[in-house]
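Structure, as structure tokens:
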Amino acid sequence: MKARSGISSIYKNKLFVAGIIILLAAVLCAQLRLAGMPVTGDEPEYIYRALSFWHTGGFRMPTSRFAQEMPEFQGIVSNGFMPIPGHPVVMSVLASPFVGLFGTGGRRVVSVICALTSVLSLACLLRPVFGSARALLVTGFVMLTFPVLPYTHLFYTDMMMMALLAASWTLGRQNRTNAVLAGVFCALALPFVHIRASLLAATLISFAAIHLWKRRDQTGLIAGAGLCLLAGGLFLWHQFALFGHLVAGADAVFTPRTATVFDRFMVHLTEFRHGLLTVSPACLLAVAGLVIGAWRRSVLAIQALVLLGVYLPPMIWGAEAESWPARFWVVVMPAMAVGMAFWLTAVRGLPARLAGAGLMLVSILNAAILLQHNSKFLDNRLALMTADTDFPFHDRFDIAGLMPWDSLDFIIFKMDTAPELNEKLLTHAAWFWSALLVAFVLNGLLRFGKISGITTWLPVFGLLPLIFAATMRPVAASAVSITRNANAVSLNFRCPADVRLIRLLSPSRIQMIPPTYPQGLDVTTIQTTDGQTTTWAAPFAPVVGVPPGHYRTIRLTAHGEGANGIWTSGEFVALAAGIRRLRCN
């Protein structure tokens, strides 16, 4: 029996290693599809510093030389590119040999190494608790979907921080002193990569210290304390030498205020451009799994919640701006991976599994859009264009009109942010996702007789509001007439129309910004039954969401610069609720 057990263990280990190799190969293959992704956001900053350090040993190389060494950046340099003081430099230093020797493509080496490290660390973190199959499945899902997938290729600090967090957390749980100390070293490296990870570093070190204390490993505790003292002194020198003061290397775009905590948190979760649940709704399953795991007193789940708890409060005051979706969430995706594994273990009943599979499918389809058109998600500056044009069956299921936004995205273009409408959409999103979270948690926790049968269906019921709200079909051209004025367009329906969305089609649809286009819209609906008129302000965007109701007229009135411009000459398509096209026969 012992011999058979030993053979079985060796066989399982070989299968696990084979699975790891397949995942590593999958991540490398994804790089082929992601090749050619545009350089945006802070990437030029990091590339400039890497090249500067390679050539000068500092970070202030003349921008003219930057343009000379890398002709692809001549455009931004001629437009006045100037390095922003206070940006992190450690990643650029590490990447400088690759950038100096291989040019722009060399920066990818660092990102890919971090991605491969994350694969190994995540799989090894999950395997002891959840088994090889679930560990590999969850690791593959996290690495090959949003928000992680694009950052396996891009030159941002977030992927390096994720790799360090995953490695530190994994090593800090080992029963060998050297491994734990290596985990402490990885944690101590986090603030050097970006100060935003300082609290994560302190938390990971405390996890390792508790682990060493429980093992009564005095040598490990003393050595760990020595590492912390050495790193602390080095960090002080790093901050004051490079930035002139201790708290530097990151900026809060929004001033922290208690009154805006809800808005900022929900923006990072649900807004159309960078919301985590917008591009990867399966992350809700991860949160449900963490709650279930913590309820069952799992140390790993509790640690994951603590990591999220220390990271999110400072994170919500930032803004990802011109980058791929949900960038700030990449760092803590190892915690989400733990939650996903717990959910797979706890979910009960076919209906709940199907509901969860639906959320996973949306996440996978968004990743497929990225792999097919690797710059598409940059088009989501004014609306969720990927859902409105690229998502499968977008003429039957479209969530673009339901999504809230980050006011900063419209302020940049000097457009109306429509705060009242946005607040309403944020509140609706909060209620929906909270109810769905509770449904999945109850499904995983309650298993008693008839109650268990009811909780099996709760996630399905939780999804129904979204299904009803987003199921729509374009109204037939014969069922609507369009009246165009100088600054207004009216859609007049020949029969009662439960319109949910209006698409503004234009050759420059993804760049409908002032001064060529208006700064905002006043949307007026006229009910069919009683003629009741309702007007509200909305941003001028390629899609306009409309609340449920049977309308005979919807009027769009532009205001601000560009109100009398070319927008009225474009094509307007109304989508009405239901599975059949409205024809008014």
- Query: So what is the 222 nm mean residue ellipticity for the chain from helices alone, if each DSSP H run of at least 4 adds -39500 (n - 2.57) and you divide by all residues, rounding to the nearest 500 deg cm²/dmol?
  - Reply: -18500 deg cm²/dmol
- Message: Over the range 500-584, what is the relative contact order in percent, taking alpha-carbon pairs closer than 8 angstrom and at least six residues apart?
- Response: 44
- Note on the structure: Listed by chain and number, the residues whose amide H is under 5 Å from that of Val543, excluding neighbours fewer than 5 places away on the same chain and using placed H, are Leu504
- Lys, Arg +1 and Asp, Glu -1 on Cβ, resulting dipole of the chain about Cα centre, debye, nearest 20: 2340
- Query: Hey, got the Cα dimensions of the range 406-536 along the principal axes, in Å, largest first?
  - Reply: 65, 40, 29
- Task: Sticking with the crude label model, points 7 Å out along Cα→Cβ, report the distance from Leu227 to Asn564 in nm, one decimal please.
- Result: 6.9
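Give me the net charge of Leu136's neighbourhood, meaning all other residues with Cβ under 12 Å from the Cβ of Leu136; Lys, Arg count +1, Asp, Glu -1.
Here the charged neighbours net out to +3.
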- Expressed as a whole percent, how much of the Cα-Cα distance distribution for the range 333-383 exceeds 15 Å? 63
- Which peptide among 340-346, 354-360, 283-289 comes first, and what is the full order, when sorted by highest mean count of other Cβ atoms within 10 Å? 283-289, 340-346, 354-360
- Query: In Å, what is the Rg of the alpha-carbon atoms in the chain, and how long is Dmax?
  - Reply: 25.8, 86
- At 1.4 Å probe size, with every protein chain present, just tell me what the per residue accessible area of the chain comes to in Å². 43
- Query: What distance in nm separates the simple spin-label points at Leu28 and Ser508, each placed 7 Å from Cα in the Cβ direction?
  - Reply: 4.5
- Item | Rounded to whole Hz, the Karplus (6.51, -1.76, 1.60) HN-Hα couplings of the range 76-85, x for glycine and proline | 6, 5, 5, 8, x, 4, 9, x, 8, x
- Run the accessible area of the range 500-584 with a 1.4 Å probe and give the carbon-and-sulfur part as a rounded percent. 52
- Message: Relative contact order of the chain, please, whole-number percent, based on alpha carbon pairs below 8 angstrom and at least 6 residues apart.
- Response: 12
- Note on the structure: Here the net charge surrounding Glu322, from other residues whose Cβ is less than 14 Å away from its Cβ (Lys, Arg +1; Asp, Glu -1), is -4
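When ranked by the protection proxy of mean other Cβ atoms within 10 Å per residue, highest first, what sequence do the peptides 125-138, 82-95 form?
Per-residue mean Cβ counts within 10 Å order the peptides as 125-138, 82-95.
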- FRET efficiency for Leu312 and Thr529, Cβ-Cβ distance as r, R0 = 45 Å, nearest 0.05? 0.50
- What distance in nm separates the simple spin-label points at Val93 and His55, each placed 7 Å from Cα in the Cβ direction? 2.1
- Message: I'd like to compare 71-80, 294-303: which one has the highest average count of other Cβ atoms within 10 Å, and what's the full order after that?
- Response: 294-303, 71-80
- Message: Using only the alpha-carbon atoms, what does the range 500-584 span along each of its principal axes? Please give whole angstrom values in decreasing order.
- Response: 38, 26, 17
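Pop the C-beta distance of Ala486 and Ala18 into the FRET formula with R0 = 56 Å and round what comes out to the nearest 0.05.
Efficiency, from the Cβ-Cβ distance: 0.25.
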- Task: Would you mind listing how long the range 1-121 runs along its three principal axes, going by Cα atoms, in whole Å with the largest first?
- Result: 73, 28, 23
- Task: Report the FRET efficiency, 1/(1 + (r/R0)^6), for Arg353 and Phe240, where r is their Cβ-Cβ distance and R0 is 60 Å, rounded to 0.05.
- Result: 0.65
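The values are calculated or read from the model by the stated rules, or taken from the named source; none is laboratory data. On a predicted model such as this, the values are computed, not experimentally measured, just so you know. Neighbour counts run over all protein chains shown; Cβ positions are idealised from the backbone, glycine included. Just the protein is used for accessible areas: all its heavy atoms, side chains included, with ligands, DNA and RNA removed. Shrake-Rupley method; radii C 1.70, N 1.55, O 1.52, S 1.80 Å.
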